[in-house]
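This report refers to the structure that appears directly beneath it.
The values are calculated or read from the model by the stated rules, or taken from the named source; none is laboratory data. Source: prediction; values computed, not measured. Using ideal geometry, Cβ is built from the backbone for each residue, glycine included, and neighbour counts are taken over all protein chains shown.
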Amino acid sequence: MASRYGEVYAGWQKDPEAFWAQAAREIDWVEAPRQIFDPKAGVYGRWFPDATCNTCFNAVDRHAKGARAHQDAIIYDSPVTGQKKRYTYAQLLDEVSTLAAVLLEMGVTKGDRVIVYMPMIPEALFAMLACARIGAIHSVVFGGFAAKELATRIDDAAPKAVLTTSCGIEPGRVVKYKPLLDEAISLASAKPTTVLLLQREQAQASMIAGRDHDWVEAMSAARAAGKRADCVTLKATDPLYILYTSGTTGVPKGVVRDNGGHMVAMTWTMQNLYGINPGEPFWAASDVGWVVGHSYIVYAPLLHGATTVVYEGKPIGTPDAGAFWRMIEEYKIVSLFTAPTAFRAIKKEDPHAEFLKKYDTSCLRALFLAGERADPDTVQWAETILGVPVIDHWWQTETGWGIVGNPLGLGMLPVKHGSPTVPMPGYDVQIVDEAAKPVANGKMGSIVIKLPLPPGCLPTLWGNDERMRESYLAEFPGFYKTADAGFKDDDGYLYIMGRTDDIINVAGHRLSTGGMEEVLASHQDVAECAVIGIKDELKGEQPCGFVVLKSGVTRSPAEIEKEIVGLVREKIGPVAAFKIAITVARLPKTRSGKILRGTMKKIADGDDWSAPATIDDPAVLDEIGAALKAKGI
Ligand code: COA
Ligand code: AMP
């Protein structure tokens, strides 16, 4: 079918408010919006400022009380525990409204923050939706972070309660959450007063009397007493959640998502970008700790009345490289969304896709990729083995949905490998130079989005309008800075080439090298350090840390390097995947003392490089090359 993209995008350009007013009709509002956008409110304006609504009502109640009551809302499949379970919308409503009553009983009310520290189990979704139901603001923390990272988030969000489990399960390893949580709470100054904990059979957590409550007992008591909580009416502009993401320092940014704009954007994308019909099984193989999980495991599919999949496993090793194909066949999944890393992992394990032959994946209509650059080799391989469109799309935690993509629901545009295709309605994407002047097609520049950002994007950072302005709006007045660099071709296709800041992308996980440098610098023997992201065949990038030891340190560098690797795991967490520390005599610097991280990266990646004219001593670059070689890099 011919794509309607051009017409739809032009319609948005002509009258953005009419476009979003139309999209807003898909939502059941308490009071429908009369004003679509208020340019004077908030940091750069607010969407649907006079509307009221409840996200949980739209994601759960309206389906549970309508024709979808007995349709699956959630499919849970956990190869790491051997469990499988399904919840209809009616069952989901029962779980969520009961849990919301438990939260109220614990003293959690509208506007309170709640940390959700849970693995990929249905209860994580119940937790998020129960918060949404009573207007509490959830903040989900990914299980692969260490106690200190959790403590930073607790301090910023100042939660009243924490919802958690005794453990998560990584292949071959039970990750005990409770000791990490207890340590985080002891490190934090904003201490939550209540913890609700789900005991899993793989680990029994010890409970602190008075503070910690057992999930199953609390739910049984609420059920026995017939307690259910209703949806609270919220302003469309009230926060639904805070999701922390790496910033350029060790302190993460609390990305805020509102209720109204988010619902409108999520719903629009399900049909128009992903081409999903209500009732269809849609699987985002990510984690609820990431934005992809928030948007496309939880909110968008449920708002749209689709069936979502909660998969507690990996693309490989649980048990093999056929795991994804088994899931697609078993649950008749029509669209899979994951990060390119997952496909690189499958390809590495099973290059000829032998496992695929064992399964019938004919129900699959498309594969969506995001989270990191989709390298053409991986895209091509996926297209060949699956025989369906493979659609790369580009977005960020901040935007909550695709900035640039290929809108399957509007009719696909021709695919160009290496490009996530074109801007979605809502986004006026431009490539500019340092002076915020547009650059010619084909020329690299900073990627910026003309304000206002569309519904669903962050209105601000939690409690910090100033950091929002400083981080995203100050450098290019009138625009949002994506901190990605890239170019546009003559057909208007975007190419996203990398970050302009110190963020790196490791297995689709966003990490701050600045944050890692803070950890390295805290080691007693380290005088100076630099962390860069170096090319990795599987994970896209992997962090590599260079350290200069303090004079007079006599311990062996190998011993110190091992400690440093351990320190990053302890302070940031296993998700940092920090495995390479290299001791060097000095770091390459400009005459003004700036460390030449860009040149170091080129050397490590085997790219062409030349010594910058401003370098203090070019010989240091050869020393870096030799140190990398000595480590086999
Ligand atoms: N809880 C605790 N630890 C976790 C975790 C979690 N939820 N998720 C990952 N980790 C740990 C891993 O066990 C690993 O620990 P290790 O160093 O002891 O082996 C470490 O964090 C690094 O994890 P990861 O970078 O994911 O590497 P991996 O080798 O475990 O797995 C892939 C590699 C490609 C299989 C995996 O990254 C993957 O499935 N990626 C899919 C993409 C994805 O989910 N992206 C998210 C955004 S869309
Ligand atoms: P996150 O906020 O974790 O989703 O990470 C966002 C960052 O990941 C972006 O700023 C990009 O650098 C990168 N990214 C996400 N999707 C893509 C993509 N499709 N192509 C290239 N880079 C991407």
Residue list for segment 341-374, restricted to those being charged (D, E, K, R), surrounded by 19 or more Cβ atoms within 10 Å (Cβ to Cβ) and assigned to a loop (DSSP other than H, G, I, E, B)
E372, R373
State all residues of segment 500-528 that are more than 16 Å from the chain's Cα centre (by Cα), surrounded by 17 or more Cβ atoms within 10 Å (Cβ to Cβ) and either without any contact (Cβ under 8 Å) to a residue 12 or more places away in the chain or part of a strand (DSSP E or B) (or both); if no residue qualifies, say none.
V526, E528
Checking C457 against (1) more than 19 Å from the chain's Cα centre (by Cα); (2) assigned by TED's automatic domain parsing to the domain that holds R25, the condition it does not meet
(1)
Among the residues of segment 378-403, count how many are within 16 Å of ligand 1 (Cβ to nearest atom) and either charged (D, E, K, R) or assigned to a strand (DSSP E or B) (or both).
5
Checking M327 against (1) out of contact with any helix residue (DSSP H, G or I) (no Cβ under 8 Å at 6 or more places or on another chain); (2) part of a strand (DSSP E or B); (3) of a type outside the set (S, T, Y), only one condition comes out false. Which one?
(2)
Residue check, V174 assigned to a strand (DSSP E or B), under 26 Å from the mean Cα position of the chain (by Cα), of a type outside the set (D, E, K, R) and farther than 27 Å from L93 by Cβ
yes
For segment 245-279, enumerate the residues that are aromatic (F, W, Y) and outside any helix (DSSP H, G or I).
Y274
Taking the stated definitions as given, is G545 buried (at least 20 other Cβ atoms within 10 Å of the Cβ), assigned to a strand (DSSP E or B) and within 16 Å of ligand 1 (Cβ to nearest atom)?
yes
Going by what's in this entry, would A184 be described as closer than 23 Å to C167 by Cβ, of a type outside the set (K, R) and outside any helix (DSSP H, G or I)?
no
Taking the options A225, A209, A184, A203, name whichever one is free of Cβ contacts under 8 Å to residues at least 60 places away in the same chain, within 16 Å of ligand 1 (Cβ to nearest atom) and farther than 19 Å from K571 by Cα.
A203
Given V108, V162, which one is within 30 Å of G566 (Cα to Cα) and in contact (Cβ under 8 Å) with a residue 12 or more places away in the chain?
V162
Does at least one position in segment 279-298 carry a residue that is more than 27 Å from K235 (Cα to Cα), surrounded by 23 or more Cβ atoms within 10 Å (Cβ to Cβ) and more than 16 Å from ligand 2 (Cβ to nearest atom)?
yes
Verdict on V415 being surrounded by fewer than 20 Cβ atoms within 10 Å (Cβ to Cβ), in a loop (DSSP other than H, G, I, E, B) and not assigned by TED's automatic domain parsing to the domain that holds S246:
no
Looking at segment 67-119, which of its residues are acidic (D, E) and closer than 29 Å to P315 by Cβ?
D72, D77, E95
Helices (runs of 4 or more DSSP H) contained in segment 77-160 and holding at least 3 residues crowded, with 24+ Cβ neighbours inside 10 Å, out of contact with any strand residue (DSSP E or B) (no Cβ under 7 Å at 6 or more places or on another chain) and modelled with pLDDT of 95 or more
89-105, 122-134
Per the filter on segment 363-411, residues touching a helix residue (DSSP H, G or I) at 6+ places or on another chain (Cβ under 9 Å), more than 16 Å from ligand 2 (Cβ to nearest atom) and over 19 Å from G6 (Cα atoms) are C363, L364, R365, W381, I385, L386, V388
